[in-house]
Amino acid sequence: VQLVESGGGLVQPGGSLRLSCAASGIIFSIYSIAWYRQAPGVQRELVAVINSGGSTDYGETVKGRFTISRDNAKNTAFLQMNDLKPEDTAVYYCNAYYTDYVIYKYWGQGTQVTVDS
């Protein structure tokens, strides 16, 4: 199983970035996909999640600015980030989660997002 994030980088405050999470080795369509982020010295926090049916939820700090989506045909999830702020600076991780009687949970390696003028 592999989750590969891409799209991170350096952006000025108020700018936008689109992160991608390409999955392989799983039946992508049945998994919930989440984006987490972790800044230095801070606990990892949930940014956004989309379930297999397409329902979404967001952390309070990103509501109205970030949008999570998925393309099951391409086994890829996205995080569109608009109006970025310096406090959005973190490593962003993709997570895939599925459970029946067993929990299946996978992480990507992370992609750095830096918001700085």
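Accessible surface calculations at 1.4 Å, restricted to protein heavy atoms, place the chain at 53 Å² per residue. The accessible surface of the chain, taken with every protein chain in place and a 1.4 Å probe, is 49 percent carbon and sulfur. In this simple spin-label model, placing a label point 7 Å from the Cα along the Cα-to-Cβ direction at both Arg44 and Leu10 gives a separation of 2.7 nm. Projected onto planes of every orientation and averaged, the convex hull of the alpha-carbon atoms in the range 62-117 covers 5.2 nm².
The values are calculated or read from the model by the stated rules, or taken from the named source; none is laboratory data. Keep in mind that this is a model prediction, so the values were computed, not measured. Cβ atoms come from the backbone with ideal geometry, glycine included; neighbour counts cover every protein chain shown. Please note that ligands, DNA and RNA were not included when accessible areas were found on the heavy atoms of the full protein model with its side chains. Shrake-Rupley method; radii C 1.70, N 1.55, O 1.52, S 1.80 Å.
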